[in-house]
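Input: a single structure, listed below in structure tokens.
Nothing in this text is a laboratory measurement; each read-out follows from the coordinates by a stated rule. Just so we're clear, the structure is a prediction, and the values are computed from it rather than from any experiment. Quick reminder, even Gly has a Cβ in these numbers, built from the backbone with ideal geometry, and neighbours come from all protein chains shown.
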Amino acid sequence: MNELERFQSEVSERIESYHKDDAFRKLALEWTKESLLRKYVYNFSWLGRPIIQAPQDVLAIQEIIWRTRPDLIIETGIAHGGSLILSASILELIGSASGHVVGVDIDIRRHNREAIEDHPLSRRITLIEGSSVDPDIIGQVAAIASGYDRVMVVLDSNHTHEHVLAELQGYAPLVSAGCYLVVFDTFVEDMPPGFFSDRPWDVGNNPKTAVHEFLKGNADFVIDNEAEDRLMITSAPNGFLRRL
Ligand SMILES: C[S@@+](CC[C@H](N)C(=O)[O-])C[C@H]1O[C@@H](n2cnc3c(N)ncnc32)[C@H](O)[C@@H]1O
């Protein structure tokens, strides 16, 4: 075993140990809960655009893109555009010649659209306004996806069970073998009931329940547990799905 292999093996062992480390897991969950109460995920930006993600998940997206080399990344839920810019920037850095990002949002505010369109990475981004579960919108995205070889999908829009399940049914078929389907805000299921009192999602009605229902009928996707064990703090527990 050379030095790099030894290093990788130590990383793997450490990540495996976290999986069984109930005290550490409990602490991570408690931290997540407290950070949500304090709106921590709204504190960050990526290359100038606000990104509504935990920094750990930003790192995870970078690792996934580097490892799986998608040439198209479809994202639902644009907000200020930070996650689109993140994906576009990593495609740029890995030297993907045709690498492109499609963002879908039901409401692209004018100032957000202008800032995304003025961004140095805008040539890699297509914005589509409409509901991510509208069959016409899914059709538009599928038409774009048909021109690419390796497609990754990130779902981060409305976080109700019904909506995410419909997104999974609409967009999962577009994901290429070996690529990822990332479902954010699955952590709603792990918070106390009523925690998101101003939102329609709650325990029993959220992206994680949608993922589990989707997986019952879709054996070609598996949850990458290693991704969440590595992160410990993530908005996507059980939400990193890999297509076999
Ligand atoms: C959490 S924000 C997205 C954050 C963004 N991915 C990021 O990391 O910065 C959720 C977005 O989903 C959008 N949204 C809500 N319902 C939607 C729907 N039915 N279809 C598409 N987008 C929707 C909202 O307008 C909002 O911009």
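For the stretch 90-124, the candidate set comprises residues that are touching a residue at least 40 places away in the same chain (Cβ under 8 Å) and within 13 Å of the ligand (Cβ to nearest atom); within that set, the residue that is surrounded by the most Cβ atoms within 10 Å (Cβ to Cβ) is V104. For the stretch 83-131, the set of residues classified as part of a loop (DSSP other than H, G, I, E, B) and either within 21 Å of N43 (Cβ to Cβ) or among the acidic types (D, E) (or both) consists of D107, R109, H119, listed by residue number.
Might you let me know whether the stretch 35-53 holds any residue that is among the aliphatic types (A, V, I, L, M), buried (at least 21 other Cβ atoms within 10 Å of the Cβ) and in contact (Cβ under 8 Å) with a residue 12 or more places away in the chain? Within the stretch 35-53, one or more residues are among the aliphatic types (A, V, I, L, M), buried (at least 21 other Cβ atoms within 10 Å of the Cβ) and in contact (Cβ under 8 Å) with a residue 12 or more places away in the chain. I'd like to know if the stretch 8-30 contains one or more residues that are within 14 Å of the ligand (Cβ to nearest atom), under 26 Å from D190 (Cα atoms) and in contact (Cβ under 8 Å) with a residue 12 or more places away in the chain. No, the stretch 8-30 has no match at all. Of all residues in the stretch 191-244, those satisfying the criterion of being among the acidic types (D, E) and in contact (Cβ under 8 Å) with a residue 12 or more places away in the chain are D202, E213, D220, D224, E226, E228, D229. Within the stretch 151-167, restricting attention to residues that are surrounded by fewer than 24 Cβ atoms within 10 Å (Cβ to Cβ), farther than 20 Å from V58 by Cα and not small (G, A, S), which residue is nearest to the ligand (Cβ to nearest atom)? In this case the residue turns out to be H163.
Listed conditions (1) assigned to a helix (DSSP H, G or I); (2) within 16 Å of the chain's Cα centre (by Cα) are all met by T32, apart from (2). Within the stretch 171-190, residues that are without any contact (Cβ under 8 Å) to a residue 40 or more places away in the chain sit with their Cβ atoms under 6 Å from residues that are of a type in the set (F, W, Y), at 6+ positions apart or across chains, in these pairs: V188/W201. The residues in the stretch 187-207 that are over 19 Å from W31 (Cα atoms), under 15 Å from the mean Cα position of the chain (by Cα) and either basic (K, R) or not in a loop (DSSP other than H, G, I, E, B) (or both) can be counted, and the count is 1. Residues in the stretch 54-88 that are small (G, A, S) and more than 9 Å from the ligand (Cβ to nearest atom) were compared, and the one that is surrounded by the most Cβ atoms within 10 Å (Cβ to Cβ) is S87.
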